[in-house]
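Structure first, then comments.
The values are calculated or read from the model by the stated rules, or taken from the named source; none is laboratory data. Keep in mind the model is a prediction, meaning the values are calculated, not measured. Neighbour counts are summed over all protein chains in view; Cβ atoms, including those assigned to glycine, are modelled from backbone coordinates with ideal geometry.
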Amino acid sequence: MISYISICLLLLFSCARKYNISQAFRNGVPADMQKIVLDNTYKLYIREVFLDTADAGDKNVQSTLVPTSNATKLIEIEYLLFSAERGRAVYIATIPDKYQLYYAKKSKYLPREYLNAYDFSTFRFGKKAADGKGIVFENGQYSATWNYEMLHDSILHVYEVVERLNGDASNVYLVDEALSRKASFVQTDSFKIVFRNMTIEKKLDINEVKKGRKPYKRFWLDNTIYFRNENNKYSIYFRFDHSLPSGYKDSTISFGNARLVNAPFE
């Protein structure tokens with residue numbers, strides 16, 4: 001049996017980008033669209049996965065990366081958007097970089113507080129556990145609870161995952177023993193979701209930087225994740241302030257049911 005933790009915390013899938021440019025909002029917000037507003041109670045916690053590290057419990061988020069060895073090759077970024085006040089969480093995994101160069105290069109353009117939706121791969125939607133010590137991700141009769149502790153007021157460290165089937169605990173994983181790198185998410189001061197196609201817009205960005213301008217990127221329009229349920233199949237949507245790509249009529253991307261590990265909370 002493949003360890004649940006290996007799936008839910010590492011998420012080293014070999015998959016291409018799966019977003020679609022959506023026409024759903026051409027005539028305004030559809031009546032059947034539901035939403036999750038990520039207000040100012042949500043904090044962003046980041047976990048960076050490197051190819052190798054001398055410290056298996058590394059809890060640092062490096063804002064500037066200059067790859068000089070395997071130890072500094074960033075291969076994946078995981079985001080946890082968590083509101084302790086509202087008791088809600090959104091976990092987003094990015095597409096792993098099999099060539100071990102993409103995210104390291106990206107870091108010189110986008111600071112870590114920017115979440116690039118172009119790289120989003122997999123989503124989980126959770127609720128704070130009743131005892132206040134974990135985050136619960138439910139999918140029908142199955143649930144997984146990430147038990148965590150706060151370290152130094154800024155590090156959310158997941159130390160245990162408890163799987164339940166029909167309400168009964170079936171598997172308990174001690175994360176520090178199961179993973180070579182601890183599942184520690186480091187808080188940032190602020191966050192913003194953006195969209196930037198690294199491949200198509202690379203030359204444009206180089207020209208903009210030469211002119212002393214910031215690289216072009218589209219910003220999240222209204223701090224809201226929209227979703228709709230069609231015959232128990234969910235899609236989620238992110239709206240931006242400019243078209244995707246330039247010249248198109250639409251400024252929204254969507255991810256289908258296959259990208260969601262569990263359904264968004266109502």
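Results, tabulated for the structure shown:
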quantity	calculated
Residue satisfying all of: in the range 101-114; part of a loop (DSSP other than H, G, I, E, B) and either among the hydroxyl-bearing types (Ser, Thr, Tyr) or under 22 Å from residue 169 (Cα atoms) (or both); farthest from the chain's Cα centre (by Cα) among these	109
Those strands (runs of 3 or more DSSP E) lying entirely in the range 1-100 with at least 1 residues polar (S, T, N, Q), out of contact with any Lys or Arg (no Cβ under 9 Å at 6 or more places or on another chain) and at pLDDT 90 or above	20-22, 88-94
Selection count, the range 137-188, where residues are buried (at least 18 other Cβ atoms within 10 Å of the Cβ) and hydrophobic (A, V, I, L, M, F, W, C)	13
Residue pairs meeting the criteria (Cβ under 9 Å; at least 6 apart or on separate chains; first without any contact (Cβ under 8 Å) to a residue 12 or more places away in the chain, in the range 19-47; second surrounded by 13 or more Cβ atoms within 10 Å (Cβ to Cβ))	40/223
Scan of the range 115-135 for residues that are part of a strand (DSSP E or B) and buried (at least 19 other Cβ atoms within 10 Å of the Cβ), ordered by number	115, 116, 120, 121, 122, 123, 124, 125, 126, 134, 135
Flag if residue 115 is aliphatic (A, V, I, L, M) and either farther than 24 Å from residue 196 by Cα or at pLDDT below 80 (or both)	no
Qualifying position, being farther than 18 Å from residue 184 by Cβ, in contact (Cβ under 8 Å) with a residue 12 or more places away in the chain and basic (Lys, Arg), among 133, 127	127
